[in-house]
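Visitor: Below: one structure in structure tokens.
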Amino acid sequence: MGASSWQGKAGLSPTERALLEVMDAGLRADTQAVREHCRRLMRRPPEDAHHAVTLRAELRALLTASQGHNPLRGVDVAQGADPVAPEAMNLPRDPETNQVLLRVAETAASHGPILDEATRRRVDALIAERPVREALVDAGLQPSRSVLLSGPPGVGKTLTASHIASQMKQTLLVVDLASLMSSYLGRTGRNLRSILDYAAQNECVLFIDEFDALAKRREDDSDVGELKRLVNVLLLELDRWPAGSFLIAATNHKELLDSAISRRFDVLIELPLPATEERKLLISSLPVIVSSAVSDDTCALMALATDGLSHSDIVRLCNGIARETIVRDGGLSSLEEGLVSLAVPKLRELAGEDAKVREQVAVAASVHLGLSNRRIANILGVSHPTISRAIAAFQEREQR
Ligand SMILES: Nc1ncnc2c1ncn2[C@@H]1O[C@H](COP(=O)(O)OP(=O)(O)OP(=O)(O)O)[C@@H](O)[C@H]1O
Ligand SMILES: [Mg+2]
């Protein structure tokens, strides 16, 4: 909206005019102009303001709190605001190639990851600290500023990073490893420093994926000099990382990391492969499963049959079956059949001739997923009493 289109509008109160001016500047991401309007209102509040003294004090507090130019302030991706163009954010670039070293990731659409209870509590605890940071500092406590997420591929490290940023209502800036890891020796360290400087100065959540590529143990023989430099840059920056920004690093290979670096993180969270209950929840909440009203029992069977797979594998597997179903039938009406016929042989194979495995599958199906003994017996191709015996043996062991 051009400023002139409303400036001349008759009938608007001074407060309404001031509001429009600030909105106009804000929507154009012109922080300088927003600041200027703030100062003007602080000097001379609108004539119709009912609480001019409080308004002045609040504006002064806002201006003080936003001291130091922060181009990201107000970019509330979690609230669905339009992403600010990288040019407006003045993101750091590789000086030689001019490639941007960070990208702004979309967090608005991300649903929370499915995590086991203990892990979810740890993630929630980090998020819950954010709004009470000042109270923590006042009490002499250091708020958590960084977390290292580790775990096998496809268990939701990236999803969790996005969830944390969205819940903290911060812009998620993702390090572009390809542009950062310059082929020229020495330049990577400089790039890394400018990324960390930028993220430290501009309140955000910074996400470094594949962190092991940067923070390998220093005794590693390859590229010793360069790696040492990177590790040293990281050590220094992690030590002086400010409370305003939050750093998330993720790795599939925690064992490769330099231990001095792992220790620098305030919190270490290991994301495990999903257990039966998480697998069931994941499957039953997939859009194709929800929209085709697949029964709870079938989701439970699939949960049992996908033991050992990651969240990402399971999503891919179920969506793959749905895709095949649509290609074959033109719709999803036989999706349930497709899922059952995939799960049953897998479960039979798991149970096999081995009574112990059979017992495990039967117990998981009964205790965790609530399937009837008859149904479990049918699926595993054994007699009903065999299943009852297996479950009774388990319960007896539990009581001891
Ligand atoms: N915990 C989870 N809850 C729900 N969905 C998940 C979870 N983990 C993974 N997924 C599904 O798998 C996809 C890939 O997950 P994501 O990229 O977060 O895994 P990752 O651990 O970062 O994997 P990688 O190690 O390969 O980077 C997600 O988009 C989502 O569909
Ligand atoms: Mg990832």
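Visitor: Do you know which residues across region 121-136 are closer than 14 Å to G244 by Cα and exposed (fewer than 14 other Cβ atoms within 10 Å of the Cβ)?
Guide: P131, V132, E134, A135
Visitor: Would you be able to say whether some residue in region 191-205 is in contact (Cβ under 8 Å) with a residue 40 or more places away in the chain, within 16 Å of ligand 1 (Cβ to nearest atom), surrounded by fewer than 18 Cβ atoms within 10 Å (Cβ to Cβ) and within 19 Å of the chain's Cα centre (by Cα)?
Guide: No - not one qualifying residue is present in region 191-205.
Visitor: Filtering region 1-54 down to residues that are modelled with pLDDT under 75 and charged (D, E, K, R), which residue is farthest from M89 (Cα to Cα)?
Guide: Across region 1-54, the extreme among qualifying residues is K9.
Visitor: Which ones in region 137-169 are surrounded by 14 or more Cβ atoms within 10 Å (Cβ to Cβ), more than 9 Å from ligand 1 (Cβ to nearest atom) and closer than 24 Å to L235 by Cβ?
Guide: Passing the criteria: P143, S144, R145, S146, V147, L148, S150, I164.
Visitor: Inside region 389-400, can you point out the residues that are part of a helix (DSSP H, G or I) and more than 16 Å from D354 (Cα to Cα)?
Guide: Answer for region 389-400, where residues must be part of a helix (DSSP H, G or I) and more than 16 Å from D354 (Cα to Cα): A392, Q395, E396, R397, E398, Q399.
Visitor: Which residue pairs have Cβ atoms closer than 6 Å, lie 6 or more positions apart in sequence or on different chains, and pair a first residue in region 17-36 that is in the same structural domain as L59 (by TED's automatic domain parsing) and over 16 Å from L63 (Cα atoms) with a second residue that is of a type outside the set (A, V, I, L, M) and surrounded by 14 or more Cβ atoms within 10 Å (Cβ to Cβ)?
Guide: Taking only residues 6 or more apart or on different chains, the pairs are A18/P46; L20/W6; E21/H37.
Visitor: Have a look at F211, F265, F246 and point out the one that is within 16 Å of ligand 2 (Cβ to nearest atom), within 15 Å of S146 (Cα to Cα) and either out of contact with any His (no Cβ under 7 Å at 6 or more places or on another chain) or touching a residue at least 60 places away in the same chain (Cβ under 8 Å) (or both).
Guide: So the residue among F211, F265, F246 that is within 16 Å of ligand 2 (Cβ to nearest atom), within 15 Å of S146 (Cα to Cα) and either out of contact with any His (no Cβ under 7 Å at 6 or more places or on another chain) or touching a residue at least 60 places away in the same chain (Cβ under 8 Å) (or both) is F211.
Visitor: Name the helices (runs of 4 or more DSSP H) wholly inside region 269-381 in which the number of residues that are crowded, with 17+ Cβ neighbours inside 10 Å is 3 or more.
Guide: Ranges flagged: 276-284, 296-305, 311-329, 335-351, 355-363, 373-380.
The values are calculated or read from the model by the stated rules, or taken from the named source; none is laboratory data. What you see is a predicted model, and the numbers here were worked out from it, not measured in a lab. Every residue, glycine as well, gets a Cβ built from its backbone with ideal geometry; the counts of neighbours run over all protein chains shown.
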